[in-house]
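Worksheet: the structure to be examined is printed underneath.
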Amino acid sequence: MGIPNSNRATGILWAEALGANLPDGSLGLSSFEGITDAAIEASGVLLGSGSVSVDIDSSRTGLMIEVTVVREQGTGRALLLHDHGNLARLEKDGVLVRGEDALPEGAKGVPIRQLLAELPIESLMDLARTLSREDRAKLQRGFAMNMKIAKHGLGILPGGFAGPGRPEAPVALSHLVSAGVFARMSGESNPVMTLAGSGNNGITLSIPVFEGGRRAGHAEERVEEALAFG
């Protein structure tokens, strides 16, 4: 997968190296917006020295990412659980700086995905109809982001992905989805609304449901509820 703003760097090792050299740690899921030329150069040196590694624990289920960075100033450790934005633990030189003093097995609360997965379809449909004004605004912003990267992707999508179609016809929804996913995986610097932690899932769901619903003439509030249900 391509990394945004990195001169087309790809892969987990490059992502780790860049993360260790980013000048601004406050950007969250938009961290790669802060990549500088100096960070790219330092990351290349780090990779060249063989100082970056990845281990996978295939026995675990659900999301868990543990990262340790060792520098002259000390050792940092971060633990993400259940969600890419859930920093469950942050340590400096073994001392807790932020988060709960708990192992992954002891994480408090039930993940929202688990709660939703246990609901019957009818309950999910009822829940989608209870959207607040703020909920609807967030869904609109998320769809707009995904549609923007899809339209951007149309300009870089290789021709073999889809035929040209009729010039007067709207771009096929499948073509838009392919373009959005291609742009994201190529490392284009466009934010997306995710689904279950995946930007590709978010693009694949939101464009057919939202844009397809609009093209079919459904009321905007019904389209919003359909996206929430999805």
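General remarks:
- Under-5 Å amide H pairs with A88, H placed in peptide plane, nonlocal only: L79, L80, L81
- Residue separation of R98 and S132 scaled by 0.36 nm, minus their Cα-Cα distance, works out to 9.1 nm of gained length.
- Rounded percent of accessible protein surface that carbon and sulfur make up, the stretch 35-78, 1.4 Å probe: 51 percent
- The residues of the chain expose on average 62 square angstrom of accessible surface per residue, using a 1.4 Å probe on protein heavy atoms.
- Computed with a 1.4 Å probe on the full set of protein chains, the accessible area for H82 sits at about 70 Å².
- Label zone at A219 (point 7 Å along Cα-to-Cβ), backbone N below 18 Å, the stretch 133-149: 133-137, 140
- Once the Cβ-Cβ distance of N200 and E66 is raised to the sixth power relative to R0 = 25 Å, the FRET efficiency obtained is 0.55.
- Which label in (1) 1.01; (2) 0.94; (3) 1.19 gives the computed Rg/Rh (Cα atoms, Kirkwood Rh): (1)
- The distance separating the Cα centre of the stretch 175-221 from that of the stretch 1-17 comes to 22 Å.
- FRET E, pair D55, S174, Förster distance 35 Å, beta-carbon r, rounded to 0.05: 0.40
- Count of lysine pairs in the chain with Cα separation under 28 Å (8 or more residues apart, or interchain): 4
- Residue-level accessible surface for D37, protein heavy atoms, 1.4 Å, Å²: 130 Å²
- Scanning the chain for DSSP H helices at least 15 Å long along the axis (C-alpha atoms) with a Kyte-Doolittle mean no lower than -0.5 picks out 37-48, 173-185.
- Area accessible to solvent at R71, 1.4 Å probe radius, in Å²: 120 Å²
- Phi angles of the stretch 22-28 translate, via the Karplus equation with coefficients 6.51, -1.76, 1.60 and θ = phi - 60°, into HN-Hα couplings of 5, x, 10, x, 9, 8, x Hz per residue; Gly and Pro are given as x.
The values are calculated or read from the model by the stated rules, or taken from the named source; none is laboratory data. The shown structure was predicted, so the numbers you read here are calculated from the model rather than taken from an experiment. No Cβ is skipped: glycine too gets one built from the backbone with ideal geometry, and neighbour counts run over all protein chains shown. Heads up: the accessible areas ignore ligands, DNA and RNA and are worked out on the full protein's heavy atoms, side chains in. Shrake-Rupley method; radii C 1.70, N 1.55, O 1.52, S 1.80 Å.
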